[in-house]
Amino acid sequence: MKRKLAHITAATGIVLSSMTFAQDVHFSQMAASPLNLNPALAGANSTLQGIVNYRSQWNSVAEPYKTIAASVDGRFNDGKRTKAGIIAGGLSFFNDKAGDMQVSTTNVNLSIAYHLLLGQKSSLGVGIYGGFGQRSIDVANGRWGSQYDGSSYNTALPSNEVFNNPSFTYFDAGTGIVYTYKKNDGYMTQNNQRMFNGGVAFYHVNNPSYSFIDNGSEKLFMRWSIFANALIGISNTKGALLPGVYFNRQKSTMEILYGTYYRITLSEGSKITGFNKPFFLHFGLFHRWGDALVGKAMLEWSDLSAGFAYDINISSLNQVSSARGGFEVFLRYNVAHLKGPGSSKSRIR
């Protein structure tokens, strides 16, 4: 009974926290959701890419929290040999459902970016996004404190809760800036690649209303997103390090994720004929500060890559969650054939 009560208490706390304080969705594989990380990443690292993401968490506590997302971004003028900068755009979508009451959030955003070429190896980009969101809740599945009669849960008792706005839409907007550097001299066998991405973004700068009660008191607070990631080839070996640091802050909520992948080159690929495709295997370990350890694995074959991550909860909720946080997967198709900063076959993760 005590364990069951603990599960109910934890689940209620999680649902209520998501309702009383609006927080963005997040992925443990943040670099695999680029437009949710920084709108200026549109076109920053490839000619064209499409990504699909899926995440599920809190299976051991309540109804699983599920997030699906998809995005496509690319460059509009990559075919021009002489240009001062890269014009790019992107379209992103996500849907998130949380808890027994199916608190649902759906967003569709359009991003526009311009990357000023600073030479053969680097660029500085700025991006903006605008779009619409829709939020809804299934009140009928809720259980409230007023429905406990002192000994058990009684559905005949009124909830005393009023939701004047169980479904609504809102406009969303934000901006970001990104710096990209790439050095890839010599042959792949030398493995002397150096790549770097870093940037800062501001989401929900218009603070849209986010309330089911329709009193205007709940806002979608602005989110700061700061990140830096890199690819560092270990010379004359088949290994490379791909470290990354990701920081997000939304009002009083803060998230810090850091760690690294280790990449193993299984096949270098043929530069002249293109018959043999480059093939890489990645293993990673990351830490979300105060929350979880994240194990990651990724396969990359030519323009296709697929990744998997699993969160092991190490916070105070691990007694309820049985140390299980969540898992996620992504699939990406990335075209990066043309020359220019960030257009190498070895992309930053």
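Taking the residues in region 95-116 that are modelled with pLDDT of 95 or more and of a type outside the set (S, T, N, Q) as candidates, determine which candidate is surrounded by the fewest Cβ atoms within 10 Å (Cβ to Cβ).
Once the filter is applied, the top-ranked residue is Leu116.
Scan region 78-131 residue by residue and report those that are among the β-branched types (Val, Ile, Thr) and without any contact (Cβ under 8 Å) to a residue 60 or more places away in the chain.
Of everything in region 78-131, those that are among the β-branched types (Val, Ile, Thr) and without any contact (Cβ under 8 Å) to a residue 60 or more places away in the chain turn out to be Thr82, Ile87, Thr106, Val108.
Within region 263-283, can one find any residue that is modelled with pLDDT of 95 or more, closer than 25 Å to Ala201 by Cα and either touching a strand residue (DSSP E or B) at 6+ places or on another chain (Cβ under 9 Å) or assigned to a strand (DSSP E or B) (or both)?
Checking region 263-283: not a single residue is modelled with pLDDT of 95 or more, closer than 25 Å to Ala201 by Cα and either touching a strand residue (DSSP E or B) at 6+ places or on another chain (Cβ under 9 Å) or assigned to a strand (DSSP E or B) (or both).
In region 308-341, what residues are under 18 Å from Leu41 (Cα atoms) and modelled with pLDDT under 95?
Asn334, Val335, Ala336, His337, Leu338, Lys339, Gly340, Pro341
With respect to Ser92, determine if the residue is surrounded by 15 or more Cβ atoms within 10 Å (Cβ to Cβ), under 16 Å from Ser225 (Cβ atoms), among the hydroxyl-bearing types (Ser, Thr, Tyr) and modelled with pLDDT of 95 or more.
yes
Output the residues belonging to region 121-152 that are more than 28 Å from the chain's Cα centre (by Cα), surrounded by 12 or more Cβ atoms within 10 Å (Cβ to Cβ) and at pLDDT 70 or above.
Across region 121-152, the qualifying residue is only Tyr148.
Can you spot a residue in region 243-251 that is in contact with a Ser or Thr (Cβ under 6 Å, 6 or more places away or on another chain), at pLDDT below 95, over 28 Å from Val335 (Cα atoms) and surrounded by 17 or more Cβ atoms within 10 Å (Cβ to Cβ)?
no
Condition first: at pLDDT 90 or above and part of a loop (DSSP other than H, G, I, E, B). Now tell me which residues in region 182-219 satisfy that.
His204, Val205, Asn206, Asn207, Pro208
The values are calculated or read from the model by the stated rules, or taken from the named source; none is laboratory data. Here the structure is a predicted model, which means the values were calculated and not measured. Neighbour counts are summed over all protein chains in view; Cβ atoms, including those assigned to glycine, are modelled from backbone coordinates with ideal geometry.
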